[in-house]
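Okay, so here's the structure we're looking at.
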Amino acid sequence: MTDLDKLNAALRDATPSPDADAKAETLRLAAENFERLQENEQAVRPTSEAPQKGSFWKRTTAMFKFSNLRPALYATSCLVVAGAVFVAYEPLKTDLTQPQDAALRSEEAVVAQAELAPEPMMDQEVSEDANTAPRTTSKTANAQTLGQVQAPLSAKPSGLEKPAPAEALSAASIARAAPEADAVIAPQPNTDQFAGAPENPVQITSETPVSTFSIDVDTASYAYVRSTLLNGGQLRPDAVRIEEMINYFPYDYADPAATSDVPFSTDIAVTQTPWNPDTQLVRIAIQGKKPPVADRPLLNLVFLIDTSGSMQNANKLPLLKQSFALMLTELRPTDQVAIVTYAGSAGTVLEPTNASETVTILNALDALNAGGSTAGGAGLRAAYALADQMSDDGDISRVLLATDGDFNVGIQNPVQMKSFIETKRDTGTYLSVLGFGRGNYNDALMQTLAQNGNGTATYIDTLAEAQKSLVDQLSGAFFPIANDVKIQVEFNPATIAEYRLIGYETRALNREDFNNDKVDAGEIGAGHQVTALYEITPVGSPAALNDPLRYVIQGAPTLDTELGYFKLRYKQPGASESKLITLPIERSAKPPTPDFAAAIAGFGQILKGSNYIKDWSYDDAISLATQTKGPDPFGYRAEVIRLMKLAKLRK
């Protein structure tokens, strides 16, 4: 027997005969081990829980442990990596071959914008230079609260990744992060609504000598313009209300005499027009009295807060909470606060509570969350009902509506809503409106509500704006000193050929409305200032836009020493009959140079695209505003000069 025969015989003797039971057991164990390694085995008995799945990473790692699979898996992985490198390299190669001039110009524009844009107005107010005094408040609590900015009351700190150094950003990483050249990024829809009105036209004095309008102390338009410019948005001309831009800034107007029964002082001045050397500006200035805080009546505030789904953005409900928290520091301990929300259905979140119970009020604010549709009409009814419950003789009651203006259910009919608010206004409960956010901001509705509710409309875009509107100017916002304030000016056709009112388009009144005490008009709060500007064209000036009529009949001789006659009507709060104030507008031999209000009026007309300022430019507005800036303790004027520079950069 050969060695090969011996080997074959040994193999036959060592190999056992097939055993069906052993084979079945071996297969069962193999299947069980496979399920265990894949972490996919089922529970012993059926349960309501889904089978436990292994993670993708664990199962992938397990596959690489099988030696017979490794070559195929490694080969496949290499192909994937090679494909990814090829895809990333192609757009990079294309981008790196493009000229760099456009990118450099874009970078220079961004740097210029960063230099012009104001610092975040949170811990301190903006200032133009080192000599500008920082903003201070009389309460330590105010300063402490201002430090807690741009975060919800209940927000917890979150870790932020450390940014990579600028030098580590290679051209390749920038190219990979940039969208492809043919990609189109759709802009976010902007459904903001404004009560647009055409610019006031030039009037011929001999044909229309009388101009009548209601005063306006709102400042919402300026804050919205600022927010749009700082956020790089496209500013709509109908969003610019020039009178609200002018009235945003404090001026050095004389206080009314302490012994006077009239709650405000009135001053009229004639200056040179900055954009037209052949015309003049008539500036009407009103300064309201500001009684001491100790003499203020008790204040009952009902916060009517929109908590619908549209209010979830950081610049809406979270900023609203912070703003109201700031205002609490200015209320007196005996003032009362209540909170009503509306989102789907209205509800009382906080019953009338003394302002001294700060923790209770802050906890109620902190618990608010955005969600649901907007039921503004139901919220208005609930808030007014609560205000009626809080009111007492001599108190001031105010409903403070905070919203982005998205009223889509509730009182659907605007006429019905207006009638409801007017009825409540006549009972002594006024309505003011605070606007928040962008994208679906309904300025038109908010203006209507505030005007018919004898209140003010304010746009809050930063915590610094909340400090200005709700803390520094709280007395003016909530304590009226004069109601239904109307202005009427009769211009002298012997001295004035033409005139036009700058701004106040949405506040125009009919001539006969002036003497009708049933016609509603604007209110003046404690310490409020009102400024109105007329551009006038003297008789014989080459700036006249209209030719004289051939067949006009000349009237009787008039006073040639007066430019016009100023009249103002107002009511004491709670009174039904108005009082009259009159002043002649004297002719000035040499009008003084324009002031800061004229610079703001010119800036606003540029933004609106006015046809009456000729080639007057942003540079001219910047120069005039800088020359007439004067004292600026809070940095408001320095801020608007930076906005002018930013608008010039983006024109």
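Within region 529-542, the set of residues being modelled with pLDDT under 95 and closer than 25 Å to Asp216 by Cα is empty.
Cβ-Cβ distances below 9 Å connect the following pairs, each with a first residue in region 491-504 that is at positive phi, a second residue that is modelled with pLDDT under 95 and open to solvent by less than 10 Å² (accessible area, probe 1.4 Å), and a separation of six or more residues or different chains: Gly503/Asp216; Tyr504/Asp216.
Scanning region 190-219 for residues that are farther than 16 Å from Ala285 by Cα, of a type in the set (A, V, I, L, M) and part of a loop (DSSP other than H, G, I, E, B) yields a count of 3. Within region 292-328, the set of residues being β-branched (Val, Ile, Thr) and either surrounded by fewer than 21 Cβ atoms within 10 Å (Cβ to Cβ) or touching a Pro at 6+ places or on another chain (Cβ under 9 Å) (or both) comprises Val293, Val302.
Restricting the search to helices (runs of 4 or more DSSP H) fully inside region 319-434 and requiring at least 2 residues that are modelled with pLDDT of 95 or more gives 358-366. Ser227 meets all of the listed conditions (1) closer than 21 Å to Pro594 by Cβ; (2) assigned to a helix (DSSP H, G or I); (3) small (Gly, Ala, Ser) but one, namely (1). Restricting attention to region 494-506, the residues that are of a type outside the set (S, T, N, Q) and at pLDDT below 95 total 1. Being open to solvent by less than 10 Å² (accessible area, probe 1.4 Å) and assigned to a helix (DSSP H, G or I) is not true of Phe566.
The number of residues in region 274-290 being touching a helix residue (DSSP H, G or I) at 6+ places or on another chain (Cβ under 7 Å), open to solvent by 10 Å² or more (accessible area, probe 1.4 Å) and in a strand (DSSP E or B) comes to 1. Residue pairs whose Cβ atoms lie under 8 Å apart, separated by 6 or more positions or on different chains, with the first residue in region 527-544 and within 30 Å of Ser469 (Cβ to Cβ) and the second basic (Lys, Arg) and not in a loop (DSSP other than H, G, I, E, B), are Thr531/Arg283; Ala532/Arg283; Leu533/Arg283; Tyr534/Arg500; Glu535/Arg500.
Within region 428-442, the set of residues being among the small types (Gly, Ala, Ser), farther than 28 Å from Ser576 by Cα and touching a Phe, Trp or Tyr at 6+ places or on another chain (Cβ under 9 Å) comprises Gly435 only.
Within region 508-517, can one find any residue that is surrounded by fewer than 20 Cβ atoms within 10 Å (Cβ to Cβ), under 12 Å from Ile215 (Cα atoms) and touching a residue at least 60 places away in the same chain (Cβ under 8 Å)? Looking for residues that are surrounded by fewer than 20 Cβ atoms within 10 Å (Cβ to Cβ), under 12 Å from Ile215 (Cα atoms) and touching a residue at least 60 places away in the same chain (Cβ under 8 Å), one finds at least one in region 508-517, hence yes.
For region 298-316, a residue qualifies if it is of a type outside the set (Phe, Trp, Tyr) and either free of Cβ contacts under 8 Å to residues at least 60 places away in the same chain or within 20 Å of Gln389 (Cβ to Cβ) (or both), and the qualifying residues are Leu298, Leu299, Asn300, Leu301, Val302, Leu304, Ile305, Gln312.
Residues are listed down the side, and each one gets a yes or a no for (1) in contact with a strand residue (DSSP E or B) (Cβ under 9 Å, 6 or more places away or on another chain); (2) crowded, with 19+ Cβ neighbours inside 10 Å:
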| site | (1), (2) |
| --- | --- |
| Leu235 | no, no |
| Ala239 | no, yes |
| Ile246 | yes, yes |
| Tyr251 | yes, no |
| Thr259 | no, no |
| Ala269 | yes, no |
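Taking the condition touching a Leu at 6+ places or on another chain (Cβ under 7 Å), over 30 Å from Ser617 (Cα atoms) and assigned to a strand (DSSP E or B), does Thr271 pass? The answer is no for Thr271. Could you tell me whether any residue of region 426-435 is buried (at least 23 other Cβ atoms within 10 Å of the Cβ) and farther than 19 Å from Asn300 by Cα? Yes - at least one qualifying residue is present in region 426-435.
Scanning region 587-632 for residues that are in contact (Cβ under 8 Å) with a residue 60 or more places away in the chain, of a type in the set (D, E, K, R) and surrounded by fewer than 15 Cβ atoms within 10 Å (Cβ to Cβ) yields one hit, Lys614. Based on what the data block shows, is Arg637 surrounded by 21 or more Cβ atoms within 10 Å (Cβ to Cβ), in contact with a Lys or Arg (Cβ under 9 Å, 6 or more places away or on another chain) and basic (Lys, Arg)? When the stated conditions are applied, Arg637 passes them.
The values are calculated or read from the model by the stated rules, or taken from the named source; none is laboratory data. Values in this document were obtained by computation on a predicted structure and should not be read as measured data. Every residue, glycine as well, gets a Cβ built from its backbone with ideal geometry; the counts of neighbours run over all protein chains shown. The area values use the complete protein model at the heavy-atom level, side chains included, leaving out ligands, DNA and RNA. Shrake-Rupley method; radii C 1.70, N 1.55, O 1.52, S 1.80 Å.
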